[in-house]
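The values are calculated or read from the model by the stated rules, or taken from the named source; none is laboratory data. None of these values were measured; they are calculated from a predicted model. We place every Cβ from the backbone using ideal geometry, glycine too, and count neighbours over all the protein chains shown. Note: areas computed on protein heavy atoms with side chains; ligands, DNA, RNA excluded. Shrake-Rupley method; radii C 1.70, N 1.55, O 1.52, S 1.80 Å.
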Amino acid sequence: MPEGPHRPRRGATTIEEVARAAGVSRQTVSNALNAPRRVRPETLERVNAAIRELGYQPDQSARSLRSGARRTIGYLAPVDDPLDPNPLMAGFLEALVDAAGAAGQRVLLFRPGQGAADPVAAIDELVAARQVDGLVLADVLREDVRIAHAARLGVPFVSFGRTGPGEPQHWVDIGNEAAMAGVVRHLAALGHRRIGYLGGAEELPWMAARRAGFLAEAHRLGLSAVTTDAAGTGSGTGSAEAGAAVAASVRALLSGPDRPTAFAAGSDLLALDAYEAVRAQGLAVGPDGVAVTGFHDTPLCRHLHPALTSVRLPLRAIATALVGRLLDQVRGEAAPAQGLELPTELVVRGSSGRSGGTD
């Protein structure tokens, strides 16, 4: 028999509609469904009444992720070139596997199937298969569709990278602005008064934050700052064309009358482009020539000559915090109201410090 005009189609009601009808938050509805002991009796009754009235049916595949029976974490791996992998994210994956193992969990890597590039479809496939307890997401962009979709499904998830206002704050990240400000202070302490910045694609939040941190600290210290950005460099891997563009920009700056005496790069590979450009101008990299710093402290840093000063990310601490926050959700514990920002370390080497530097 067809449903009446005022009765919602079975399964069509969303958790957000239940929350509005009950006058509570979306998280409270989720708690009422999955951890009712954490909800006050009167609130629980109000939520249950709204569920009955609206005919809401929770997605059983999403709810099944909370059982903890699989002891497996799903990691939606960023798209990468296997012949030119991102060394930072490779290091993060190693740290994530170790942190998960220490908590008695495994890590399942996944990507969209059948050659598709839709991350939402990839999440849906994994949820439907009921293979994992929760998700780890990385390389989080502004208004990231993966974050919105995982939150809509009610799937436990955490992210390496900040989520936006109004989204669950299940993230762990570094302070990109603070880290780059530390680089500027390091170069200023060495006597540099005109510093160039080499950045990547501005649509990437972490690159935008590094640029902002550089400019703000240079302004605060009264330094002369010049910037050049390489569109298409992504998270730091870059293409040959982007690298050539960066090198050309650096050479142009070094050819001018007020050339920078130091360059702060938003990634180690951008710093490598600066090395090549400095030498192409007949100058030396280092404290007696043009100082250069990088960001990420990938293995590349130690093999350059001179070795590259770079910002080291606490990948193991990030991974451990992500796994802990995810498992708290799986167990039905209260999610933190704020994300977690972890400090970085500036590893000073020969490119900006004494010969040989430190490590």
Scanning for something in a helix (DSSP H, G or I) and open to solvent by less than 70 Å² (accessible area, probe 1.4 Å), does the stretch 132-145 turn up at least one residue? no
Which number in (1) modelled with pLDDT under 70; (2) surrounded by 11 or more Cβ atoms within 10 Å (Cβ to Cβ); (3) of a type in the set (Lys, Arg) marks the one condition that Arg9 misses? (2)
So which of Arg185, Arg259 ends up being assigned to a helix (DSSP H, G or I) and basic (Lys, Arg)? Arg185
Any idea how many residues of the stretch 247-271 are surrounded by 19 or more Cβ atoms within 10 Å (Cβ to Cβ) and more than 16 Å from Arg193 (Cα to Cα)? 10
May I ask you to verify whether Ala307 is surrounded by 15 or more Cβ atoms within 10 Å (Cβ to Cβ), part of a loop (DSSP other than H, G, I, E, B) and in contact (Cβ under 8 Å) with a residue 40 or more places away in the chain? yes
Could you say whether any residue in the stretch 272-281 is among the β-branched types (Val, Ile, Thr), in a helix (DSSP H, G or I) and open to solvent by less than 10 Å² (accessible area, probe 1.4 Å)? yes
Quick check, is Glu177 charged (D, E, K, R), surrounded by fewer than 18 Cβ atoms within 10 Å (Cβ to Cβ) and under 15 Å from the mean Cα position of the chain (by Cα)? no
